Amino acid sequence: MEISVYNIKGEDTGRKVVLNDDVFAIEPNDHAIYLDVKHYLAAQRQGTAKAKERSEMSGSTRKLGRQKGGGGARRGDINSPVLVGGARVFGPRPRNYSFKLNKKVKSLARRSALTYKAQENALVVVEDFTFEAPKTKSFVDVVNNLKVSDKKVLMVLPGADKNVYLSARNLPCAKVAIASDINTYGVLDAGVMVVTESALNQIEAVLTK
């Protein structure tokens with residue numbers, strides 16, 4: 001599959017790049033995508049929720065009422081879960097939500113997500129660029145020139161570029177990522193991917209190993 005290369009002014013350079021079929025034209029695997037997205041979202045969870053159980057409460061252990069004849073439950077001391085202000089039964093405890101996912105499944109999921117983007121014509125390739133200084137207007141101009149301002153944009157660069165990152169940071173519908181760091185969730189979450197030529201080569205190199 002061939003795709004045109006544009007410059008940051010939105011002009012067609014007349015050059016084309018050939019997308020690697022092993023990355024952008026496979027048979028998408030939806031279950032692999034599901035697993036990789038679930039893996040990513042699970043890793044974002046802090047898992048710090050904690051509620052005190054009965055043995056952890058501070059309070060008198062004196063039995064509040066007699067065993068029988070009260071007309072209610074044998075609730076015992078003031079820390080009983082059936083009383084207001086008492087403990088919680090089987091409350092949450094700190095835990096790690098992350099789980100292991102095989103590298104081959106991750107790779108398949110990312111190639112599937114990129115294939116969907118290519119099929120939807122939601123992939124734009126631009127010449128390598130940078131900004132002289134961090135300026136939000138510069139990034140907005142690039143997005144407008146490429147006619148993708150009405151979509152959620154994922155800008156993929158070959159390496160860290162502070163000026164480009166800071167220029168996009170204040171825009172709620174734009175994200176900047178490094179080619180080696182892209183993930184299935186980020187690709188699918190974006191309405192359109194804007195990828196530099198060098199970043200495209202890196203993505204293909206990583207996902208065809």
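Just a few scattered comments:
- Yes/no for Val142 being surrounded by 11 or more Cβ atoms within 10 Å (Cβ to Cβ), over 21 Å from the mean Cα position of the chain (by Cα) and more than 18 Å from Gly191 (Cβ to Cβ): no
- Check on Phe129, touching a residue at least 60 places away in the same chain (Cβ under 8 Å) and either at negative phi or assigned to a loop (DSSP other than H, G, I, E, B) (or both): yes
- Selection of the range 145-204 for residues being of a type in the set (Lys, Arg) and out of contact with any strand residue (DSSP E or B) (no Cβ under 7 Å at 6 or more places or on another chain) yields Lys147, Lys152, Lys162, Arg169.
- Scope the range 183-197; condition open to solvent by 20 Å² or more (accessible area, probe 1.4 Å) and either touching a residue at least 60 places away in the same chain (Cβ under 8 Å) or part of a strand (DSSP E or B) (or both); matching residues: Asn183, Tyr185, Leu188, Gly191, Glu197
- Restricting attention to the range 148-177, the residues that are in a strand (DSSP E or B) and open to solvent by less than 50 Å² (accessible area, probe 1.4 Å) add up to 8.
- Failed condition for Arg45, given (1) open to solvent by less than 100 Å² (accessible area, probe 1.4 Å); (2) touching a residue at least 12 places away in the same chain (Cβ under 8 Å): (1)
- Whichever residue in the range 1-21 is farther than 20 Å from Tyr116 by Cβ and of a type in the set (A, V, I, L, M) and, among such residues, is least open to solvent (accessible area, probe 1.4 Å): Val5
- The range 95-139, residues that are β-branched (Val, Ile, Thr) and open to solvent by 70 Å² or more (accessible area, probe 1.4 Å): Thr130
The values are calculated or read from the model by the stated rules, or taken from the named source; none is laboratory data. These numbers were taken from a predicted model, which means no experiment stands behind them. A quick note on method: Cβ atoms are made from the backbone with ideal geometry, for glycine too, and the neighbour counts reach across all protein chains shown. Side chains included, ligands, DNA and RNA excluded: accessible areas come from the protein's heavy atoms. Shrake-Rupley method; radii C 1.70, N 1.55, O 1.52, S 1.80 Å.
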